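Input: a single structure, listed below in structure tokens.
The values are calculated or read from the model by the stated rules, or taken from the named source; none is laboratory data. Please read all numbers here as calculations on a predicted model, not as lab measurements. Methodologically, a virtual Cβ is constructed for each residue, glycine included, from the backbone with ideal geometry; neighbour enumeration extends over all protein chains shown.
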Amino acid sequence: MFKLIFSLLMLCGILLADTKEALDAFKKQDYALAFKLYEKSAKAGDTTAQNALSYLYFNALGTKKSTKGGFYWLKKSANNNNAVAQYDLGMMYLTAQNTKQDSKLAFKYLTSSSKQGNTDAQFNLALMHYRGDATDINVTKSAELLESSALGGNKQALKNVGRVYMQLLKFDKASKWLEINANEGDVDAFYFLVEIYCEKEKFKKAKKWAKKAMDAGNKDAELLWMKYNLQKY
């Protein structure tokens with residue numbers, strides 16, 4: 001038993017070394033060497049190498065261009081639970097890149113990648129739930145995925161999560177994210193916050209954002225300013 005464990009550890013160490021050397025070769029644009037090393041690790045079961053090898057095939061780097069070869073290794077990596085490969089494969093099916101468009105397969109692979117915490121997969125899966133693409137329309141699920149993606153640092157999710165929570169009338173969650181957007185200079189978020197804080201009768205906060213929205217030229221903010229007599233707060 002101990003001999004087997006030791007052998008497995010040795011194999012993992014060799015695979016990591018090969019993958020690091022392959023990446024170094026890739027950075028130096030020695031694509032032939034990168035291909036050779038990635039292929040060796042890919043055949044030994046390294047999912048990162050499998051994904052990298054698919055990229056080399058798709059882009060004719062260190063080898064002849066082969067969509068078939070690219071898909072073979074990308075699917076192998078994805079089916080071996082590599083989150084990045086699952087995202088890449090899902091987006092190819094979603095956008096018909098190198099293959100026919102297939103929303104069901106896109107949904108399958110983006111869901112798998114999303115569950116592993118891939119923020120890009122979470123964002124695109126949120127859009128699928130929002131549109132009802134290969135699934136039922138579920139705006140609540142879309143918002144939850146956008147929030148997870150935003151918390152992981154995805155900028156597109158960060159910009160949209162507050163807007164979707166606002167649509168769901170979940171104003172506390174919406175205002176939290178819209179405040180972040182507004183503090184980063186999102187002028188549309190200024191106005192959305194005015195709407196929310198007027199609705200919640202938090203007029204002092206509404207006044208703050210109404211001023212910013214009006215300074216940015218938002219005419220609707222002026223109407224809310226007059227309707228709620230915000231100047232007195």
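Which one is nearest to the chain's Cα centre (by Cα) among residues in the range 53-70 that are in a helix (DSSP H, G or I) and surrounded by fewer than 21 Cβ atoms within 10 Å (Cβ to Cβ)? Give the steps one after another, and end with the answer.
Taking the range 53-70 as the starting set, the residues that turn out to be in a helix (DSSP H, G or I) are 53-58, 67-70.
Pick out the ones that are also surrounded by fewer than 21 Cβ atoms within 10 Å (Cβ to Cβ) and you get 55, 58, 67-69.
Values: Tyr55: 19, Phe58: 22, Thr67: 24, Lys68: 26, Gly69: 26 Å.
The selected residue is Tyr55.
Hey, does the range 185-198 have a residue that's closer than 21 Å to Lys159 by Cβ and in a loop (DSSP other than H, G, I, E, B)? So far as the range 185-198 goes, yes, one or more of its residues are closer than 21 Å to Lys159 by Cβ and in a loop (DSSP other than H, G, I, E, B).
The residue list Asn154, Asn138 contains one member that is in contact (Cβ under 8 Å) with a residue 24 or more places away in the chain and assigned by TED's automatic domain parsing to the domain that holds Asn118, which is Asn154.
Of the candidates Met226, Met166, the single residue that is in a helix (DSSP H, G or I) and closer than 26 Å to His129 by Cβ is Met166. With respect to being touching a Gly at 6+ places or on another chain (Cβ under 6 Å) and modelled with pLDDT under 95, Ala34 fits the description.
Please give the number of the condition Ile137 fails out of (1) assigned to a helix (DSSP H, G or I); (2) closer than 22 Å to Gln167 by Cβ. With respect to (1) assigned to a helix (DSSP H, G or I); (2) closer than 22 Å to Gln167 by Cβ, Ile137 is out only on (1).
Within the range 74-89, how many residues turn out to be outside any loop (DSSP other than H, G, I, E, B) and either surrounded by 22 or more Cβ atoms within 10 Å (Cβ to Cβ) or free of Cβ contacts under 8 Å to residues at least 12 places away in the same chain (or both)?
Final tally of qualifying residues: 9.
Residues in the range 175-233 that are crowded, with 22+ Cβ neighbours inside 10 Å and among the β-branched types (Val, Ile, Thr): 2 in all.
Taking the range 199-213 only, how many residues are more than 33 Å from the chain's Cα centre (by Cα) and in a helix (DSSP H, G or I)?
The first filter runs over the range 199-213 and keeps only residues more than 33 Å from the chain's Cα centre (by Cα), leaving 201-204, 207, 211.
Restricting the remaining residues to those that are in a helix (DSSP H, G or I) gives 203-204, 207, 211.
Count: 4.
Put simply, of Thr47, Thr95, Thr111, Thr119 the only residue that is assigned by TED's automatic domain parsing to the domain that holds Ala22 and either at negative phi or modelled with pLDDT of 95 or more (or both) is Thr47.
Yes or no, residue by residue, for (1) in contact (Cβ under 8 Å) with a residue 40 or more places away in the chain; (2) assigned to a helix (DSSP H, G or I); (3) farther than 27 Å from Val161 by Cβ:
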site: Tyr72; (1), (2), (3): no, yes, yes
site: Met91; (1), (2), (3): no, yes, no
site: Lys100; (1), (2), (3): no, no, yes
site: Asn124; (1), (2), (3): no, yes, no
